[in-house]
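Student: Structure below; questions to follow.
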Amino acid sequence: GENVEQHPSTLSVQEGDSAVIKCTYSDSASNYFPWYKQELGKGPQLIIDIRSNVGEKKDQRIAVTLNKTAKHFSLHITETQPEDSAVYFCAAKGGRRALTFGSGTRLQVQP
Amino acid sequence: EPEVTQTPSHQVTQMGQEVILRCVPISNHLYFYWYRQILGQKVEFLVSFYNNEISEKSEIFDDQFSVERPDGSNFTLKIRSTKLEDSAMYFCASSENVQGIGNTIYFGEGSWLTVV
């Protein structure tokens, strides 16, 4: 089955700096890569996703890049704000198979 | 914005008891899921459900677990004879499709199960 590795496990940045979280996946058949933000005690909230027919997608301060050859994808958050502090999960999915999550990155934005 | 709703938000149960967690998926979605997250760990897939039957399940989803869509709106997870290690946050999720456009999976806020 699919295996998703995520790094780093924790990330601390100063407000206004950029944050980058990286994931790798194992199954070359995976073609859908969402990113979820999880605040304490809440469910995962989709923040951005990318499909394998594109290499980059941007939504305001958030961008995701995908390298299918290397089987890795990254989340970029620019101009970080304290409210960006949360746990971020990457995930991968191919065809009809279930979504497989990475282990999560705890992002702390210091004011 | 449509959302997945779950009840209860928190349940404490005695070891060995049966628990039913309830979910109302987004109304036009056809695929339903249960995921589990043990405290501080990643979100793990349990089961997916489509057209009134299980379409995929993980190793975690053994005979202790069952799912049901008892009516046109609810989707339930039953855990029989609960064990201490079943303590976790259980997330229900739904999607319009399973692949291609519309396969985005939306999660509920979770049901926190504590087995004592």
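Student: Between B:E59 and A:E56, what's the calculated FRET efficiency when r is the beta-carbon distance and R0 is 41 Å? Round to 0.05. Before the final figure, lay out the partial values.
Tutor: Details: r = 35 Å, r/R0 = 0.86.
Efficiency at R0 = 41 Å is approximately 0.70.
Student: Quote to one decimal, in nm, the extra length available between A:Q110 and A:K68 on full extension: 0.36 nm per residue of separation minus the C-alpha distance between them.
Tutor: Numbers: separation 42, 0.36 × 42 = 15.12 nm, distance 3.32 nm.
Additional length available on full extension: 11.8 nm.
Student: Calculate the mean, over all residues of peptide B:42-52, of how many other protein chain Cβ atoms lie within 10 angstrom of the residue's Cβ. Don't skip to the answer; put the middle values down first.
Tutor: Values: counts 10, 12, 3, 8, 1, 1, 4, 0, 1, 0, 0.
For peptide B:42-52, the averaged partner shielding equals 4.
Student: Same structure, new question: Using a cut-off of 11 Å between beta-carbons, work out the net charge of the residues near B:N52 (Lys and Arg +1, Asp and Glu -1, B:N52 not included).
Tutor: For residues surrounding B:N52, the net value is -1.
Student: Return the FRET efficiency for the residue pair A:S103, B:E18: r is the Cβ-Cβ distance, R0 is 30 Å, and the value is rounded to the nearest 0.05.
Tutor: Details: r = 31 Å, r/R0 = 1.04.
Efficiency, rounded to the nearest 0.05: 0.45.
Student: Moving to a separate point now. Leaving out same-chain residues fewer than 8 places away, which lysines sit with a Cα under 24 Å from that of A:K58?
Tutor: A:K22, A:K37, A:K68, A:K71, A:K93
Student: Next question, about the same structure. So for each of B:29-41, A:5-17 I average, over its residues, the number of other beta carbons within 10 Å; can you give me the resulting order with the highest mean first? Intermediate values should be presented prior to the final figure.
Tutor: Working: B:29-41: 18.8, A:5-17: 13.5.
Put in order of decreasing packing, that is B:29-41, A:5-17.
Student: What share of all Cα pairs of chain B, in percent, falls into each consecutive 5 Å distance bin?
Tutor: P(r) over chain B, rounded to whole percents: 2, 12, 24, 26, 20, 10, 4, 1, 0.
Here, each number is a calculation from the coordinates, and none is a lab measurement. Values in this document were obtained by computation on a predicted structure and should not be read as measured data. Don't worry about glycine lacking a Cβ; one is built from the backbone with ideal geometry, like all the others, and counts go over all protein chains shown.
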